[in-house]
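Have a look at the structure below before the remarks.
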Amino acid sequence: MEATPRRNLREEQKKLTHRRLLDAAVTVLTEKPFLDARMEDIVQAAGGNGPRSTPISPARPRASTRWSRGSTA
């Protein structure tokens with residue numbers, strides 16, 4: 001079964017969004033150190049309005065839930 005024109009348009013939009021985000025990520029990561037780059041910076045550089053203040057990689061690892069709740073098991 002052949003894809004409908006609407007489906008083809010959606011696939012093209014997905015590819016364009018993906019390309020924009022990749023290009024924006026390259027731009028942001030050449031301007032900032034990796035740990036200082038945020039998803040917000042990449043989305044903004046791509047012309048979007050996505051997540052706010054989400055680090056690409058946490059600067060500090062999170063404490064394990066088991067230990068952070070005081071469990072000794």
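The values are calculated or read from the model by the stated rules, or taken from the named source; none is laboratory data. Small disclaimer: the values here were computed from a predicted structure and weren't measured. Because the Cβ atoms are built from the backbone with ideal geometry, glycine has one as well, and the counts that use them run over all protein chains shown.
There is at least one residue in region 13-23 that is modelled with pLDDT of 90 or more, among the hydrophobic types (A, V, I, L, M, F, W, C) and within 13 Å of the chain's Cα centre (by Cα). Against the condition among the hydroxyl-bearing types (Ser, Thr, Tyr) and modelled with pLDDT of 95 or more, how does Thr4 come out, does it pass? No; evaluated as a whole, the condition is false for this residue. Contact map, region 33-50: residues that are at positive phi paired with residues that are surrounded by 15 or more Cβ atoms within 10 Å (Cβ to Cβ), Cβ distance under 9 Å, separation 6+ or inter-chain. Pairs shown: Gly47/Arg20; Gly47/Ala24.
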